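Contents: one structure, followed by commentary.
The values are calculated or read from the model by the stated rules, or taken from the named source; none is laboratory data. Keep in mind that what you see is a predicted model, and the values were worked out from it rather than measured. Cβ placement follows ideal geometry from the backbone for every residue including glycine, while neighbour counts extend to all protein chains displayed.
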């Protein structure tokens, strides 16, 4: 039901006028936050996965502690520790970098297990084939194993990326003016909480739906290069 406010502006008008600010918050903060966090998280995930697969007990132990700590604590708590907790020891970060660090650490921990499992799924014969033509372990890894493992890991990593888009809404709690934060600010002025939060949910759904379509196309394209 559309109700006119005291100033003559209906709830529907408020929602329409709020669309662009929310979309702008998504373009300026939600999407960049997702992309930066995912890229940095993937780099960290690859390093962590390789550490888990190394022969060094120190690297294996360090990687296990990191993965266990991140997977065993809520993302919101991690976000608060970085933004609100670190200033107590003299490390003050702006909201956006704080969110990137928290999300990157989270993505790195979860994705490292995906990458590690993908590497382990490659038959040992592929390593032996590389050694047979004179490759070192590093060359076999970068030229034979990782390209194959990347195809295996794309579906679960794509799901991680889509989940990250939704998780960025938590950044609103540390004052990052992303899509959901914009909805909160507008709702606080207009009192159209239900309508604006539903609108924000629809915008998130549209983004994730588009990403799902892209994911399907990438998987179908890569499927051409996998032997049946």
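Considering each residue of segment 162-199, count those that are under 13 Å from residue 28 (Cα atoms) and outside any helix (DSSP H, G or I), and give that number.
Adding up the residues that qualify gives 3.
So which pairs qualify, if the first residue must be in segment 59-72 and without any contact (Cβ under 8 Å) to a residue 60 or more places away in the chain, the second must be not in a helix (DSSP H, G or I), the Cβ gap must be under 8 Å, and the two must be at least 6 apart or on different chains?
That search, which allows pairs on different chains as well, returns 60/54.
Among the numbered conditions (1) closer than 19 Å to residue 102 by Cβ; (2) part of a loop (DSSP other than H, G, I, E, B); (3) without any contact (Cβ under 8 Å) to a residue 60 or more places away in the chain, tell me where residue 134 comes up short.
Of everything listed in (1) closer than 19 Å to residue 102 by Cβ; (2) part of a loop (DSSP other than H, G, I, E, B); (3) without any contact (Cβ under 8 Å) to a residue 60 or more places away in the chain, residue 134 misses just condition (1).
Counting only residues that are surrounded by fewer than 19 Cβ atoms within 10 Å (Cβ to Cβ) and under 22 Å from residue 27 (Cα atoms), how many does segment 145-161 have?
2
Considering only segment 196-225, state which residues are surrounded by fewer than 18 Cβ atoms within 10 Å (Cβ to Cβ), touching a residue at least 40 places away in the same chain (Cβ under 8 Å) and over 30 Å from residue 155 (Cβ atoms).
Once the filter is applied, which keeps residues that are surrounded by fewer than 18 Cβ atoms within 10 Å (Cβ to Cβ), touching a residue at least 40 places away in the same chain (Cβ under 8 Å) and over 30 Å from residue 155 (Cβ atoms), segment 196-225 yields nothing.
With the structure loaded, tell me whether residue 101 is free of Cβ contacts under 8 Å to residues at least 60 places away in the same chain, touching a helix residue (DSSP H, G or I) at 6+ places or on another chain (Cβ under 6 Å) and not in a helix (DSSP H, G or I) or whether it fails that test.
The answer is no for residue 101.
Specify which of the listed residues (191, 131) is over 16 Å from the mean Cα position of the chain (by Cα), farther than 23 Å from residue 51 by Cα and surrounded by fewer than 17 Cβ atoms within 10 Å (Cβ to Cβ). Steps first, please.
Details: 131 fails: farther than 23 Å from residue 51 by Cα.
Result of the check over 191, 131: 191.
Looking at the structure I just gave you, is residue 158 closer than 27 Å to residue 210 by Cα, at pLDDT 95 or above, in a helix (DSSP H, G or I) and touching a helix residue (DSSP H, G or I) at 6+ places or on another chain (Cβ under 6 Å)?
no
Given the condition surrounded by fewer than 20 Cβ atoms within 10 Å (Cβ to Cβ), touching a helix residue (DSSP H, G or I) at 6+ places or on another chain (Cβ under 7 Å), more than 16 Å from residue 35 (Cα to Cα) and without any contact (Cβ under 8 Å) to a residue 40 or more places away in the chain, answer yes or no: does some residue in segment 167-180 qualify?
For segment 167-180, residues surrounded by fewer than 20 Cβ atoms within 10 Å (Cβ to Cβ), touching a helix residue (DSSP H, G or I) at 6+ places or on another chain (Cβ under 7 Å), more than 16 Å from residue 35 (Cα to Cα) and without any contact (Cβ under 8 Å) to a residue 40 or more places away in the chain: absent.
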